[in-house]
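Read the structure below first, then the notes.
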Amino acid sequence: MKEQRTRPTPNGRFTALLEAIPEAAILLGTDRTIVASNRHFRSVFSEGQEVEGRSCYQVSHCRDQPCESRSELCPLQRCLETGEPARTVHVHRTPEGDVHTSVLMRPLLNEHGAIDNFLEILKPLKIASATASRDQLVGRSPRFNRMLEDLELVGPTERAVSIFGEAGTGKELVARAVHEISPRAHRAFVPVDCAALHEWQFERELFGHTRGAFPGAAEARTGFVGAADGGTLFLKEVESLSSAVQVKLLRLLETGFFIPEGATQPQRSEFRLICSSTESLEDLAAAGRFRDDLRHQIGGFPITVPALRDRAADIPLLVESLLSRLEKLQPRPEIDPGTLKALQAYDFPGNVRELIHVLEHACLMADGDVVLPEHLPSDCLADRRVPRSNLKFEGDIVPLSEAEELYVAWAGEQATGSQKQLARQLGISERTLYRKLRRIRRAGSDEAEDPHDVDP
């Protein structure tokens, strides 16, 4: 009698594969049920307990519904839709608490070319905290997690990074996080505030000088570029650089060489460049305020730091974290739930930096007891967001670009403050607002001069 062979189960087929993976990994069915797991997954995410037969969202999130039901990206769903691997960052439950986790989902095909299973590889991230922390990036909202995806992707590489975000969003903290997960983490991280230095001072501080290079130069000094050799050079508010300094920075980036003031021989510095800006370098280049060749040189990998109003769900966690840093507050006051609600309703034009000042003010007013809504600055008690019910739309449907111009023009007519304030309310840079208003005025002028509009 011919021996009958039985087809191995998915568990049996993939157990060896999972155990060979040096990171936490699980095998999922198309119904999101865990078919198999390796020991790394069980030790990190499930206290060594068996997880087979349970859904991924039950084990990883302690929920009874999939991620997309909470407006979170589900990598398995994306794989089903595209047939391609998908990557995201989620907050996962572990025996040690909630942690940010990088998730890589790969579809596995059967002999007929159809998706049979999914391989999920999970890597806990150390660059941010999903709980209150004094020293790390803090947050767990979808916008914050999307930023972490980019950070985790580019951090271990040598690529230049450009960080864009409004003032006060924490761009330097993001830059430090990029440095800390890079191969250069053991070398210096050198931040340079471009807006705080005058043109003549910037070059001297950037490249250093020799002894006697100028009156008062009693000793030679290593500049920022020399100090960053082997490490990371972080240029804050790079958009504030003068045209003359931009030329010298471009030459440095193209050649790797610089000449300290008073020196005759060039020196070399090998560093990773990270730049940050509050304005769009593309818009500035179009306006002639920033060299386009330098923009391409420093552009690298872009990371956008979300404004605080775009991740209001993180405010309670940020409040807890920031209060722990205010060491003078002893004992630390409690935050009334109504106060948190008021803070989440406020749009925080100054972002996290403003939140710090608001907390300091409120704690002072509360005199170390309970922080109530009335202890907040008056600006925080008025919800400046426009309710959807107050928005009225009339007339025909028009393209979004035209609708945007109509709204910007209307906003410009309604505004009572400065153009800077209007730009902040619209969530764009002042330069971008200026460019849009100029285009609208120019279009209006062209229409008025159209000869077809003139009566014969």
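Key figures
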quantity: Scan of the stretch 295-313 for residues that are part of a loop (DSSP other than H, G, I, E, B) and aliphatic (A, V, I, L, M), ordered by number; calculated: 305, 307
quantity: Every residue from the stretch 281-296 that is in contact with a helix residue (DSSP H, G or I) (Cβ under 7 Å, 6 or more places away or on another chain) and either buried (at least 18 other Cβ atoms within 10 Å of the Cβ) or farther than 30 Å from residue 184 by Cα (or both); calculated: 281, 283, 284, 285, 287, 290, 291, 294, 295
quantity: Selection status of residue 218, in the same structural domain as residue 174 (by TED's automatic domain parsing) and touching a residue at least 12 places away in the same chain (Cβ under 8 Å); calculated: no
quantity: Matching residues in the stretch 254-280 - criterion: being surrounded by 15 or more Cβ atoms within 10 Å (Cβ to Cβ) and not in a loop (DSSP other than H, G, I, E, B); calculated: 258, 261, 267, 272, 273, 274, 275, 276, 277
quantity: Filter pass, residue 322 being exposed (fewer than 15 other Cβ atoms within 10 Å of the Cβ), under 22 Å from residue 136 (Cα atoms) and of a type in the set (A, V, I, L, M); calculated: no
quantity: Unmet requirement for residue 132, which otherwise passes all of (1) at pLDDT 95 or above; (2) assigned to a loop (DSSP other than H, G, I, E, B); (3) of a type in the set (A, V, I, L, M); calculated: (1)
quantity: Any hit, the stretch 109-128, residues being closer than 27 Å to residue 155 by Cα, free of Cβ contacts under 8 Å to residues at least 24 places away in the same chain and within 27 Å of the chain's Cα centre (by Cα); calculated: no
quantity: For residue 111: the one exception among (1) assigned to a strand (DSSP E or B); (2) surrounded by fewer than 22 Cβ atoms within 10 Å (Cβ to Cβ); calculated: (1)
quantity: Number of positions in the stretch 161-219 that are in a loop (DSSP other than H, G, I, E, B), basic (Lys, Arg) and at pLDDT 85 or above; calculated: 2
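The values are calculated or read from the model by the stated rules, or taken from the named source; none is laboratory data. From a predicted model like this one, the values you see are computed outputs, not experimental measurements. Quick reminder, even Gly has a Cβ in these numbers, built from the backbone with ideal geometry, and neighbours come from all protein chains shown.
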